Amino acid sequence: MARRKMLVGNWKMYKTVAEARAFAEALGRLSGRLSDDLEYAICPPVTALQTLRVVMPTKVALGAQNVYFEPQGAFTGEVSTDMVKELGARYVIVGHSERRTLFCETDDLVQKKVQAVVAAGMVPILCVGENLVERDAGETLPVVRRQTERGLAGLSGAAVAQTVVAYEPVWAIGSGRTPSAEDAEVVIAAIRGVIAEQHGLEAAEAVRILYGGSVKPNNIAGFCGQPNIDGALVGGASLEAESFVAMAEAMAGGDNA
Ligand code: PGA
């Protein structure tokens, strides 16, 4: 059973509502170039979800970049799963390295958020990845194993099968540096192996695992051509409609190669 490849944009803290609308309108003009063989999602700042829900081409799903795990309460500044779902989010990025490092998110908190997203009927995009110190110490595989195990702990095999994991080496994010496609494939195959151990072969075969970190139109096909890499999570290069479409075309072309 082939896994459908995904192109996911993570806009981080970029774009006002007006800017998000302009992107969606530009993407609408280019959307004939988005192959139906792929899945697409954009994760904008939460402030733009409502507008994008109306103006984004229907081929492109929406996601949130973060949620809190409690359903409601006195948690100043946080948003809940129901709040983003109501605004049209189908996906929620959980455990992005910027949240782990800048906002002190622990494996335990990430796990609670993943469970809350699944319970709300949305799809978590669980981010895992080693930093440069860990990589240089040869700890890449133990780190991604721990983050994957802890992030998905407590989920049924059926829930894991629906989940998306993104392998994002921290040193590759926004840096212009990437591992080779072959090195990313090794780590992503190992993540799939961890999921097979913990949640069964069926879940491991179905779960989609993306690569993220300095993905651009000119390198995406190499990553997505690897047998275990099911697409990409893209920051900077997802901010322009033309670049988003160019990545989609490179991915679709790679499929046919
Ligand atoms: P980048 O970000 O594509 O700008 O490196 C990727 C991410 O942080 O998801």
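The values are calculated or read from the model by the stated rules, or taken from the named source; none is laboratory data. Since the structure is predicted, the reported quantities are computational estimates derived from the model, not experimental observations. We place every Cβ from the backbone using ideal geometry, glycine too, and count neighbours over all the protein chains shown.
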Q.
Can you find, within segment 193-207, the residue that is nearest to the ligand (Cβ to nearest atom) among those that are buried (at least 22 other Cβ atoms within 10 Å of the Cβ) and assigned to a helix (DSSP H, G or I)?
A. I195
**Q.** Subset of segment 92-129 [of a type in the set (D, E, K, R) and in contact with a Phe, Trp or Tyr (Cβ under 8 Å, 6 or more places away or on another chain)]
**A.** K112, K113
Q: Output the residue which, of all residues in segment 118-150 that are part of a helix (DSSP H, G or I) and among the aliphatic types (A, V, I, L, M), is surrounded by the fewest Cβ atoms within 10 Å (Cβ to Cβ).
A: V133
Q | Selection within segment 55-98 - crowded, with 22+ Cβ neighbours inside 10 Å, more than 24 Å from E19 (Cβ to Cβ) and of a type in the set (V, I, T) | A | T81, V94
Q: Taking T81 as the residue in question, decide whether it is closer than 29 Å to L102 by Cα and more than 19 Å from the chain's Cα centre (by Cα).
A: no
Q: Filter segment 1-26 down to residues that are within 17 Å of G63 (Cβ to Cβ), of a type outside the set (K, R) and touching an Asp or Glu at 6+ places or on another chain (Cβ under 9 Å) and give me whichever is surrounded by the most Cβ atoms within 10 Å (Cβ to Cβ).
A: L7
Q | Residue that is of a type in the set (K, R), touching a strand residue (DSSP E or B) at 6+ places or on another chain (Cβ under 8 Å) and not in a strand (DSSP E or B), where the choices are K113, K15 | A | K113
Q) For segment 30-89, which residues satisfy the criterion of being basic (K, R) and in contact with an Asp or Glu (Cβ under 8 Å, 6 or more places away or on another chain)? A) R33, K59
(Q) Among the listed residues A246, A232, identify the single one that is among the hydrophobic types (A, V, I, L, M, F, W, C) and surrounded by fewer than 22 Cβ atoms within 10 Å (Cβ to Cβ). (A) A246
(Q) Going by what's in this entry, would E185 be described as away from the ligand (no atom under 16 Å from the Cβ), part of a helix (DSSP H, G or I), surrounded by 16 or more Cβ atoms within 10 Å (Cβ to Cβ) and in contact (Cβ under 8 Å) with a residue 40 or more places away in the chain? (A) yes
Q. Scanning for something in contact with a Lys or Arg (Cβ under 6 Å, 6 or more places away or on another chain), surrounded by fewer than 18 Cβ atoms within 10 Å (Cβ to Cβ) and at pLDDT 95 or above, does segment 106-117 turn up at least one residue?
A. yes
